[in-house]
Amino acid sequence: MTGLIQSALGGGRALLVGWVLPSLINVLIFGFVVVPKLSRFAALGTETGRAAIFGLVTTAILGLVLAAPLYRILEGYRGWPQWLAQARRRQHLARKHLLRNRVDAMALAGQERAGCLAADDESALAAFRAHPIVSRYLAADVRKGEVWFALLNERLHRYPLDDRQVTPTRLGNAIRRFEEYGYDRYRLDSQALWHELNAAVPDPARQQTDDARMGVDFFVSLLYGHLLVIVAAVVDLATGDAVRPWLVAATIATLLPLMVLWYRLAAVATDEWAGAVRAMVNLGRHSLAAALGLTVPQRVEEERAMWHLASDLVRTGFHSGLTTLDAFRTAPGEPSAGALPTSTQPTLPAARPSPDADGTSPRSPS
């Protein structure tokens with residue numbers, strides 16, 4: 001993840017809370033249950049110093065190791081066979097489309113109950129009610145009311161807007177949705193311009209992003225730590241070295257479902273992270289433009305053209321087409337640059353569509 005290594009090396013509180021603390025939890029489980037003789041945790045009264053050294057040193061090393069970009073595996077980018085990644089991606093696309101259709105169907109049904117359903121939407125609601133899959137959920141969704149509608153919206157918003165950005169995993173989609181935010185709205189590639197954006201925003205916005213990421217780091221670190229403890233426990237049982245085999249087996253049985261729980265909580269915890277990154281893009285892009293010697297135009301399309309060019313400059317290097325960026329440049333001491341002349345306005349790539357699996361609009365379930 002962008003900025004993760006930087007956080008690991010200089011994050012201070014983020015490193016402590018996000019990685020070292022959950023690593024300590026896993027080291028304690030490992031020392032007390034799996035290898036009590038090696039760790040001397042079982043004899044704290046007589047060899048306290050040795051036990052403390054084992055716990056502190058191992059926790060520090062494990063915390064630093066887990067602070068490496070291990071997100072990539074959980075996001076579905078690394079370590080996945082191609083066939084499995086493609087199959088999981090198709091499953092998540094189907095879930096996203098179903099969620100979107102359920103949300104749209106509930107919204108139309110609510111308008112119908114309120115007596116304000118437009119004539120053009122009546123056929124769409126009828127199509128939802130006739131659809132073999134959406135119709136199964138519609139009546140129950142409507143009965144659950146507005147709170148359920150909001151929860152469905154939350155689940156839908158943990159997916160990227162662009163279907164082509166959907167990843168094979170729940171966590172990958174939850175993170176990818178805010179990685180694509182700046183590009184989708186402004187054509188500002190926040191991944192390519194992350195360090196520039198991070199340097200340009202005010203300290204509260206930067207701190208908000210770091211704090212929001214700590215919750216996700218915490219659960220991801222717990223998950224990986226549990227995995228290491230389980231592997232060590234299995235080896236301990238297989239070699240017959242377990243002091244209390246029943247406790248080791250019970251620990252394995254307990255940690256496995258906890259790993260699933262931590263993973264899901266990590267995906268939910270990205271909501272705060274997404275909000276912080278969204279705020280950085282929305283509020284920090286003007287400061288970023290000023291720092292780059294650019295002036296944000298008043299028209300949205302012209303701003304999108306400017307950020308597309310600026311992102312391309314950082315991402316791919318200079319080429320002749322980027323001279324169009326001159327129209328947005330502001331020399332020191334000169335007034336702000338005006339709107340981009342129509343004759344020099346570059347052609348942006350078409351907005352990335354988000355069709356359903358069969359190419360229809362989100363509102364059409366057929």
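Every listed requirement among (1) hydrophobic (A, V, I, L, M, F, W, C); (2) surrounded by fewer than 20 Cβ atoms within 10 Å (Cβ to Cβ); (3) modelled with pLDDT of 95 or more is met by ALA290 save one, (3). For segment 278-292, the set of residues classified as touching a Gly at 6+ places or on another chain (Cβ under 8 Å) and hydrophobic (A, V, I, L, M, F, W, C) consists of VAL281 only. Does any residue of segment 198-210 turn out to be within 14 Å of the chain's Cα centre (by Cα), outside any helix (DSSP H, G or I) and not assigned by TED's automatic domain parsing to the domain that holds ARG100? Within segment 198-210, not a single residue is within 14 Å of the chain's Cα centre (by Cα), outside any helix (DSSP H, G or I) and not assigned by TED's automatic domain parsing to the domain that holds ARG100. If you go through segment 42-60 one residue at a time, do you hit one that is at pLDDT below 60, assigned to a loop (DSSP other than H, G, I, E, B) and touching a helix residue (DSSP H, G or I) at 6+ places or on another chain (Cβ under 8 Å)? Yes. The C-beta contact set for segment 224-251 (first residue assigned by TED's automatic domain parsing to the domain that holds PHE30, second residue of a type in the set (Val, Ile, Thr) and modelled with pLDDT of 85 or more, distance under 7 angstrom, 6+ apart or interchain) comprises ILE230/ILE252; ALA233/VAL248; ALA233/THR251; ALA233/ILE252; VAL234/ILE252; ASP236/VAL248; LEU237/VAL248; ALA242/VAL248.
In this structure, ALA174 does satisfy being of a type in the set (A, V, I, L, M, F, W, C), buried (at least 21 other Cβ atoms within 10 Å of the Cβ) and in contact with a Ser or Thr (Cβ under 6 Å, 6 or more places away or on another chain).
The values are calculated or read from the model by the stated rules, or taken from the named source; none is laboratory data. The structure presented is a predicted model; accordingly, all values stated were derived computationally and were not measured. Don't worry about glycine lacking a Cβ; one is built from the backbone with ideal geometry, like all the others, and counts go over all protein chains shown.
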